[in-house]
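Visitor: Below you'll find the structure I mean.
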């Protein structure tokens, strides 16, 4: 999410550390799974059936991870904006 950006000052370093911590918190909330199992489209156990994801879109894990990291990098010079210099 930072592309080739590197921390320019202490505020950027703090934002980077907060982003890493936010990523760890998200992964912990998902059972430290790294998002494994998020691509499962459906599961059936007896009469119980659950369907999730599987339509090619980003998993909830990925969306939560991107949001948490972007929130911490916002306002710093680190958040990659899609333009390479």
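Visitor: Can you put 80, 30 in order of Cβ neighbours within 10 angstrom, beginning with the fewest?
Guide: Details: 80 13, 30 17.
Fewest-to-most Cβ neighbours within 10 Å comes out as 80, 30.
Visitor: Within the stretch 11-35, what residues put their amide N at less than 12 Å from the label point 7 Å along the Cα-to-Cβ vector of residue 60?
Guide: The answer is 30-31, whose backbone nitrogens lie closer than 12 Å to the label point.
We did not get these values from a lab; they are worked out from the coordinates using the rules stated. The shown structure was predicted, so the numbers you read here are calculated from the model rather than taken from an experiment. All Cβ positions, glycine included, derive from the backbone under ideal geometry; neighbour counts span all protein chains shown.
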